[in-house]
Amino acid sequence: MLHTERLLLRPVRPEDEADLWRIYGDPATNTFNPAGPLRDRQQAHDVLQAWLQGWQDDGFGRWAIARQAHPDKPIGFGGLSVHLQDERRMNNLGYRFETAAWGQGYATEFACFTVGYGFTALALSTIEARVRKHHQASIKVLEKAGLRYVSEIQDVANAAPSQLYALSRAAWLARPE
């Protein structure tokens, strides 16, 4: 189990399915997701199985995120995962929090920790994230974590392009403390 100042992070496990459905099935948490919320519990099960497989395949993946004061109640999910974009491997930073956790700085705390973890513990060369251009709160989180706008990318069929943000390990190491 890993921790930040206020959060606990642990790899997802099969018993997270109900919380995954609760958070990812909520239309409010998918306001900026062109794919929309998860349709049903089966889709939540399938997503969780893919995340569990990611840990097996890549040695890293999504965490269940909880407040330290309530370690058994996930308030979100996030982490680093491998995403293929136009046949190019991306070390994708992603996160989603329940609406009750919004506006408390958890996403920024999580993203900053995850970037550091990706560059130090995993020795990744680059970390990238995809965000909708009108999702200003998430863009601010990515920028606070050190990621910078790179380009637009077409990552969701039949939807407007997303914005790609990235940070190299070299740039992260060269940042002022």
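Things to note:
- D40 meets each of the listed conditions (1) farther than 20 Å from A121 by Cβ; (2) in contact with a Leu (Cβ under 9 Å, 6 or more places away or on another chain) apart from (2).
- Exactly one residue out of I23, I65 is assigned to a strand (DSSP E or B), farther than 21 Å from K133 by Cα and within 16 Å of the chain's Cα centre (by Cα), and it is I65.
- Flag for I127 being in contact (Cβ under 8 Å) with a residue 24 or more places away in the chain, of a type in the set (V, I, T), touching a Lys or Arg at 6+ places or on another chain (Cβ under 9 Å) and under 24 Å from I75 (Cα atoms): yes
- Taking residues in segment 10-38 that are in contact (Cβ under 8 Å) with a residue 40 or more places away in the chain, and partners anywhere that are surrounded by 14 or more Cβ atoms within 10 Å (Cβ to Cβ) and among the aliphatic types (A, V, I, L, M), the pairs with Cβ atoms closer than 6 Å and at least 6 places apart or on different chains are R10/A64; V12/A64; D16/A64; L20/A44; L20/L48; Y24/L38; T29/I23; P34/V156.
- Set G36, G79: member being on the phi > 0 side of the Ramachandran plot and modelled with pLDDT of 95 or more: G79
- Being within 16 Å of the chain's Cα centre (by Cα), within 28 Å of A101 (Cα to Cα), at pLDDT below 95 and not basic (K, R) is a description that applies to S162.
- Of the strands (runs of 3 or more DSSP E) lying entirely inside segment 108-177, those carrying at least 2 residues that are under 19 Å from Y95 (Cα atoms) and open to solvent by less than 80 Å² (accessible area, probe 1.4 Å) are 126-131, 162-168.
- Number of residues in segment 59-88 that are loosely packed, with under 11 Cβ neighbours inside 10 Å and closer than 21 Å to A18 by Cα equals 3.
- Per-region count, segment 3-20, residues surrounded by 15 or more Cβ atoms within 10 Å (Cβ to Cβ) and not in a loop (DSSP other than H, G, I, E, B): 9
- Those residues of segment 96-107 which are within 13 Å of A145 (Cα to Cα) and either of a type in the set (S, T, Y) or buried (at least 19 other Cβ atoms within 10 Å of the Cβ) (or both), in sequence order: Y106, A107
- Residues in segment 35-49 that are open to solvent by 60 Å² or more (accessible area, probe 1.4 Å) and within 17 Å of the chain's Cα centre (by Cα): A35, Q49.
The values are calculated or read from the model by the stated rules, or taken from the named source; none is laboratory data. Keep in mind it's a predicted model, so treat the numbers as computed, not measured. Cβ atoms come from the backbone with ideal geometry, glycine included; neighbour counts cover every protein chain shown. The area values use the complete protein model at the heavy-atom level, side chains included, leaving out ligands, DNA and RNA. Shrake-Rupley method; radii C 1.70, N 1.55, O 1.52, S 1.80 Å.
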